[in-house]
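Here is the structure we will look at, set down as structure tokens.
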Amino acid sequence: MSPAYSRAELLVAVIAGLLEGCRHVVVGASSPIPGAAALLRRELDEGAMRVTILGSNRYNAYTNGGVETFDLAAQGRVDAFFLGGGQIDGQGNINLVGTGSYPANDVRWPGSFGSAYLYYLVPKVILFREEHTRRVLVPKVDFISAPGVSAPEVYRPGGPYGLLTGLAWFSFDKHRQRFRLESVHPGHSVEEIRDRTGFEFDCPENVPFTRAPGPEMLALIRGRIRSEIAETYPRFAATFAN
Amino acid sequence: MNQQPICTLRELAAAVADGVKLVVPADACGVAMAATHELVRRGVRGLHLVCVPTSGLQADILIGAGAVATLETSAVTLGEFGPAHRFIDAVRNHRIRVLDSTCPAVHAALQAGQKGLPFIPLRGLIGSDLVARRDDWKVIDNPFQPGDPIVALPAINPDIALFHAPFADRSGNVYIGRKRELLTMAHASKQTFVTVEAITDRNLFDDPTMAAGVVPAIYVSRIALATNGAWPIGLPGHYGSDDAAISRYVQLAKTEDGFRSWVNEWLGEAAVPA
């Protein structure tokens, strides 16, 4: 029997769980699933959590321009942010620039955006990349847009909290400088994760399935959250739910 | 600055000399596409293009048209429309020099520029290949707390800031609302060129609710009327983007020839300066 929810709905619910306890979450550009998840968390917290969605008018209360995201982060006023990567390696390094040698990369991506700053300053950076393949999850990134860990003398109150893909959730241990497989999404297996991950990671003997959203959560996602996220991501809102 | 800032689009574009450092905003802040059209038409060359902090269609077109020598940006992205093909092609073929940056570094360097400072320190960055690849960025020791490394960025003082705004008054004051990066760009740049949807007869400082969202005339050298001047990019709060037009551009710009035919159509002329 196929599940009663879409993958996007599962990911929205998982991220909303990871955001528990946050006071202010910022969602960057081209991030509809994290955006929907932040709005869901806000809903579950009865509006107590602040959400800033870059690209939204309703969920953007900035009066000092685009720099305000970075200044807020530097002031400790952003608890969580999302970063992706064309490549992500086992030490949490992310590459948003390209593959091969720089600057004439074999494949060139848009660029590093705010990663080389927010990854250092936001306490809970959730790495989010739906594609879970060896081409994305590599042993070593070709270009470090932002490193997963820093030398002790480097000012770094923030960093990677974990990595969520379309198949699994890994936490990040900054002392061991490694990911740990925490859960596998329903319908997938640890073997499949191993096959499709290009880096080494810690794996406990028993890995649970990622908790699927219940009927009440799904109703919330398909109702209120879908209509709220439509302001910023109309096309996503029209298609993401089952 | 200029006592008579209001001019035509063509005059505005003609005043952007080859080789200048030109600073432009991201898509959500008002991109001067009609002015970009005039720049490409006149065949501007050798620009050092600074994007605050990213660019999309505008950078891709200027790069494709051969107008850019150096690109300083945190990203070039057309978002869901697809890759910025002309940017990617130019990078892979060494046709432009790219100064890869990160968003807060662009903002901070402009803030240093607006204050007349030689440089500004910024957190983050250390251990990133961005620092390894930017010869102009230095890791220094915090002079107040030795043993605390921090990155020093040289100030950015562009020759010209160029953007599109909803309206201006006849004295040269420009309404930008809460798009404050436009104010920083104007402060940091030697001159500011603006295209607007409308020119109003009232003075924008007469209304205090408006005054806080104004770039004052002291910074503004040229203003040209350009209705729908951000097309096919939108002007938030005024009109949306023309998604079909942008999609079509991305399709055509996959190849050099396709890009040429798109530009020729855009210019309404048979030839583009090669």
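We did not get these values from a lab; they are worked out from the coordinates using the rules stated. Keep in mind that what you see is a predicted model, and the values were worked out from it rather than measured. Note: ideal-geometry Cβ built from the backbone for every residue, glycine included; neighbour counts use all protein chains shown.
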| field | Ranked A:Arg178, A:Arg135, criterion: other C-beta atoms within 10 Å, fewest first | value | A:Arg135, A:Arg178
| note | Filtered hits (lysines, Cα-Cα < 26 Å from B:Lys115, offset >= 8 within chain) -> B:Lys21, B:Lys138, B:Lys179, B:Lys190
| request: Among DSSP beta bridges lying fully in the range B:113-225, give the percent that are antiparallel, nearest 5. | output: 45 percent
| Can you list the lysines whose alpha carbon sits under 21 Å from that of A:Lys140, skipping same-chain ones fewer than 8 residues off? | A:Lys174
| What's the FRET efficiency of B:Arg97 with A:Val107 using the Cβ-Cβ distance as r and R₀ = 25 Å, to the nearest 0.05? | 0.80
| What percent do you get for the relative contact order of chain B when only Cα pairs under 8 Å and 6+ apart count? | 23 percent
| message | If you filter the range A:1-72 for chymotrypsin sites (Phe, Trp or Tyr not before Pro), then keep DSSP loop positions with at most 11 other Cβ within 10 Å, what is left? | response | none
| remark: Note to self: C-alpha centroids of the range A:27-63 and the range A:127-161 sit apart, in Å, by 24 Å
| field | Highest-fluctuation residue, A:Ala61, A:Ala146, A:Ala36 considered, GNM on chain A with Cα pairs under 10 Å | value | A:Ala61
| note | Inter-chain shielding metric for B:103-111, i.e. average beta-carbon neighbours from other chains within 10 angstrom, reads 5
| Dipole magnitude (debye, nearest 20) for the protein assembly as shown, charges at Cβ of Lys, Arg, Asp, Glu | 300 debye
| task | With a ≥ b ≥ c taken as the square roots of the eigenvalues of the C-alpha gyration tensor of the protein assembly as shown, please select rounded if a/c is under 1.5 and otherwise prolate if a/b is larger than b/c or oblate if it is not? | result | prolate
| task | Considering Cα pairs under 8 angstrom that are at least six residues apart, work out the relative contact order of the range B:130-273 and quote it in whole percent. | result | 18 percent
| Roughly how big is chain A's charge dipole about its Cα centre, with Cβ charges of +1 (Lys, Arg) and -1 (Asp, Glu), in debye to the nearest 20? | 260 debye
| Of the residues A:His185, A:His24, A:His175, which exhibits the maximal mean-square fluctuation in a Gaussian network model of chain A defined by a 10 Å Cα contact cut-off? | A:His175
| note | Debye calc, one equal point scatterer per Cα of chain B, no solvent, log10 I(q)/I(0) at q = 0.09, 0.12, 0.14, 0.15 1/Å comes to -0.41, -0.73, -0.97, -1.10
| Of B:Gly66, B:Gly240, B:Gly147, which has the largest mean-square fluctuation in a 10 Å C-alpha GNM of chain B? | B:Gly147
| query | Which FRET efficiency, nearest 0.05, do A:Gln75 and B:Asp135 yield, Cβ-Cβ r, R0 41 Å? | reply | 0.85
